[in-house]
Amino acid sequence: MLPAILRRDPDVVLIGEIRDVCAAVSAIEQFHTENDNTHPVSMTADVGDKADLRHHDEWHRRYGRSTAGGHALAGQLDAVQEGDGRRRLQGLRHQRRRQSLRHLRQRGRRPTSRGPPDPPSSRKDPTMTFVLVVVGAFGLAVGSFVNVVVHRLPRGESLLRPASNCPQCTAPVRPWHNFPVVGWLLLRGRCADCAALIGIRHPLVELGTAALFVAVAARFVAPSLVATNGANDTHSWPAEPAWLYLPAWLYLAAIAVALALIDLDVLRLPDAIVLPSYIVAPVLLLPGVIVERDWSAALRGVLAMAALWTLYFLLSLYRGGMGPGDVKLAGVLGLYLGWLGWPSVAIGTLAAFVIGGAAGLALLAAGRAGRKTALPFGPSMLAGALIALFAAAPLTDWYTNLLVPA
C-alpha cells in the first residue's frame, strides 16, 4: 500500500502522513493475526455473508478511522470490497438463473422470469384436474336425477316411468332439453310446450350436487395424488385405498341432497332412501377396509352407528323430540362418521345440534315459526356430517395443539 501511495502523489506525501499510514498497516496486520490471518479484502466466502461484513466493520471501527492515512486506506478497502462483492453477487444470480432454466427445460416447462419452478408437491397435476372434471360432470347428472327423486318420491310416483315431463301439461321433455343446467338455460326457465315456469331450484340442485361431488373427490383423491407424485413424475393416479372410499362418500353426498330437500318440503325422511343405506354404505366402504386392512375403522363405524341410533332414539322418547326418520338417519351417519374416527362422531353430532338450534332461533326471530312449530332436523344432521368430513381433522389438530403446545 505504501509504495502505491508514494507513486500516486510523491510531492504531497509528508513524513507524518507516511508514519500514520505505516501505523495503520501495522494495525491491520496485528488485527488479522488475532483473527486467523484473514485479510479484509480477501473474498474466501461470499461478500454478502454477514460474518464477513461484521469482520470488516470491526476492523473499520477499531483501526480504519484512527489516522488520516487510515481514512484513505479504509476508503480503498471499501471500494475494492464493494466492487468485488457486486461482481460476485451478479455472478451468483446468473448462476442460479442458469440452473433454473436448465431445471425448467428438463421438466418440459416454458421458462419464465419468476425464478425457480414450484416444488413438485405444489404443481397442478393434470390427473387431479381430469378426476375433478369427470366427478363434476357425474355430479350434474346425479343432481338432475335428484330433482326427479325430490319431486316424485314424496308423492309415491315411480322414479323411472314415465320419462321426464312437464308437471303442468305432462308433455315429455325433449332429450336435448334434459342436459343439466344447459337445458334450463336454453328453455329460459319455461316449458317448451306450455311455457309454464320451471323453478330455478332445478339448476341450483344440479350445480350444488356437482359442487359437493367435486369437494368430496378433492377430499379423498388429492392427498393420494400428492403422496404418489414423485419428484420426476408429472402424471399419477389416485393411490389405493383412498379412492376406494370415494364411491361411498359420493353416495352419501347424493342422498344428503335428496333427503335434505325432501325433509324441507314435507318434513319427512323417506324409508325408501334411508333404510337401503344400511346395506349400501357398508358394501361401498368394505373394499377400502379390506385393501387397507383397517378392521378397527369398520368396528368403530358399527359402534358409532349403534351409539348415535341409541342417542337419537332416547331423544325421540321426549315429546317434541326427534322423529323416527331422524333416528334411522342417525345410524347411517354414525356408520360414516365412525369410520372417520371418534372426533368426527363428536364434531358431526355437535355441529348438527348447533346448526339446528341456530336455524330454529333465526326462524323464531323472523316470526316464521313458533315454539310448537315442527322443524326439519334432517338437513342439520346431514350438514353436521359433511362438516365433520371436511373439518374434523383440522379442528382436532387445532384443539390438540391448544391443549398441548408444541
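The values are calculated or read from the model by the stated rules, or taken from the named source; none is laboratory data. All values derive from a computational prediction rather than experimental measurement. Positions of Cβ are backbone-derived with ideal geometry, glycine not excepted, and every protein chain shown enters the neighbour counts.
Quick grid of which residues meet (1) among the basic types (Lys, Arg); (2) modelled with pLDDT of 85 or more; (3) surrounded by 14 or more Cβ atoms within 10 Å (Cβ to Cβ); (4) part of a loop (DSSP other than H, G, I, E, B):
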position	(1), (2), (3), (4)
Asn147	no, yes, yes, no
His151	no, yes, yes, no
Leu160	no, no, no, yes
Thr170	no, no, no, yes
Ala210	no, yes, yes, no
Arg219	yes, yes, yes, no
*Odd one out for Gly323, checked against (1) over 33 Å from the mean Cα position of the chain (by Cα); (2) modelled with pLDDT of 95 or more*: (2)
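Conditions tested, residue by residue: (1) in contact with a helix residue (DSSP H, G or I) (Cβ under 9 Å, 6 or more places away or on another chain); (2) assigned to a helix (DSSP H, G or I); (3) under 20 Å from Met305 (Cα atoms); (4) modelled with pLDDT of 85 or more.
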site	(1), (2), (3), (4)
Gly357	yes, yes, no, yes
Gly370	yes, no, no, no
Met381	yes, yes, yes, yes
Gly384	yes, yes, yes, yes
Ile387	yes, yes, yes, yes
Leu395	yes, yes, no, yes
*In the stretch 272-292, is there at least one residue being out of contact with any helix residue (DSSP H, G or I) (no Cβ under 8 Å at 6 or more places or on another chain), over 16 Å from Leu340 (Cα atoms) and part of a loop (DSSP other than H, G, I, E, B)?*
no
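Which of the residues belonging to the stretch 299-340 are assigned to a loop (DSSP other than H, G, I, E, B) and touching a residue at least 12 places away in the same chain (Cβ under 8 Å)? Walk me through it before giving the result.
The first filter runs over the stretch 299-340 and keeps only residues assigned to a loop (DSSP other than H, G, I, E, B), leaving 317-323.
Matches in the stretch 299-340: Gly320, Met322, Gly323.
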*Those residues that are buried (at least 19 other Cβ atoms within 10 Å of the Cβ) and either more than 33 Å from the chain's Cα centre (by Cα) or of a type in the set (Ser, Thr, Tyr) (or both), I need them from the stretch 346-391; list them, please.*
Thr349, Ser380
_Filter result for Val134 (over 15 Å from Leu207 (Cβ atoms) and under 31 Å from the mean Cα position of the chain (by Cα))_ = yes
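Yes or no: the stretch 233-241 includes at least one residue that is at pLDDT 55 or above and in a helix (DSSP H, G or I).
Initially, the stretch 233-241 is screened for residues at pLDDT 55 or above, giving 241.
After this cut, where a residue has to be in a helix (DSSP H, G or I) as well, the list is none.
The answer is no; no qualifying residue exists.
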